[in-house]
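The values are calculated or read from the model by the stated rules, or taken from the named source; none is laboratory data. Quick caveat, the model's predicted, so the values are computed rather than measured. Cβ: placed from backbone, ideal geometry, glycine included. Neighbour counts: every protein chain shown.
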Amino acid sequence: EAGVTQSPTHLIKTRGQQATLRCSPISGHTSVYWYQQALGLGLQFLLWYDEGEERNRGNFPPRFSGRQFPNYSSELNVNALELEDSALYLCASSPGWDSPYNEQFFGPGTRLTVL
Amino acid sequence: AQKVTQAQTEISVVEKEDVTLDCVYETRDTTYYLFWYKQPPSGELVFLIRRNSFDEQNEISGRYSWNFQKSTSSFNFTITASQVVDSAVYFCALSEPFNAGGTSYGKLTFGQGTILTVHP
């Protein structure tokens, strides 16, 4: 069974540009989560999508947004990039409402560098 | 609000030593779930274990064991006879049930992580 996949692996942008990160969940999983892992700041929850709806978001500005497609894959968009957005962005998936345990399985991440 | 504390920032051991990674958590929920993840240099978080708040049995899986003590809000992780391949960052995380609602809804709250280096 294929795991969570993310693309691209690396992304280099300049300040003010927009970045789009993509995630495909494990087959059968309906929930997708996004986390930011910036140097020295640990793993911070960004967004949670389930069945195409945004269910919760972390303490991030509105320029961090995303969506979930009918096939449950997801996109994370970061507008007006700032230097401090440089981080590893991890996507995770879970079975969603069918699993009360919220066991999340992670992808390899996208390393975003803002110059 | 939920909080997870991993007081050990870095641990360095020599191969074959036993090592324990500490995790202390805070939550007002009576039902919750605890996790350990491993993050090797490649960056991908690897799921190791889930423990439910109502199940205080300790668990052993090969060289790995977990000690869950609700009375002290701790969920510690021990690696027996460590190996170089165990070198990674280890994260403890906390989650509430989906039906709990609130600001922690759906997310994992992670500790800051413990960097484990096992020297040959």
When segment B:7-48 is checked residue by residue, the ones that are closer than 22 Å to B:ALA81 by Cβ and assigned to a loop (DSSP other than H, G, I, E, B) are B:GLN8, B:GLU15, B:LYS16, B:GLU17, B:ASP18, B:ASP22, B:CYS23, B:PRO40, B:PRO41
Inspect all residues belonging to segment A:82-101 and state whether any of them is touching an Asp or Glu at 6+ places or on another chain (Cβ under 9 Å), in contact (Cβ under 8 Å) with a residue 60 or more places away in the chain and assigned to a loop (DSSP other than H, G, I, E, B).
yes
Residue in segment A:70-84 that is more than 18 Å from B:TYR37 (Cβ to Cβ), facing another protein chain (nearest Cβ under 10 Å) and surrounded by 15 or more Cβ atoms within 10 Å (Cβ to Cβ) present:
no
Could you please give the count of residues in segment A:24-35 that are within 13 Å of chain B (Cβ to nearest Cβ) and crowded, with 22+ Cβ neighbours inside 10 Å?
5
Out of the residues in segment A:94-113 that are more than 10 Å from every other protein chain (Cβ to nearest Cβ) and at pLDDT 95 or above, state the one that is farthest from A:HIS29 (Cα to Cα).
A:THR113
Among the numbered criteria (1) of a type outside the set (Asp, Glu); (2) assigned to a strand (DSSP E or B); (3) in contact (Cβ under 8 Å) with a residue 24 or more places away in the chain, which single criterion is violated by A:GLY16?
(2)
Sort through B:LEU48, B:LEU34 and tell me the only one that's among the aliphatic types (A, V, I, L, M) and within 25 Å of A:PHE60 (Cα to Cα).
B:LEU34
I need a count of the residues in segment B:31-80 that are surrounded by fewer than 13 Cβ atoms within 10 Å (Cβ to Cβ), within 14 Å of another protein chain (Cβ to nearest Cβ) and either in contact with an Asp or Glu (Cβ under 6 Å, 6 or more places away or on another chain) or hydroxyl-bearing (Ser, Thr, Tyr) (or both).
1
Filter pass, B:GLU26 being away from chain A (no Cβ under 14 Å), under 16 Å from B:ILE79 (Cα atoms), surrounded by fewer than 15 Cβ atoms within 10 Å (Cβ to Cβ) and among the acidic types (Asp, Glu):
no
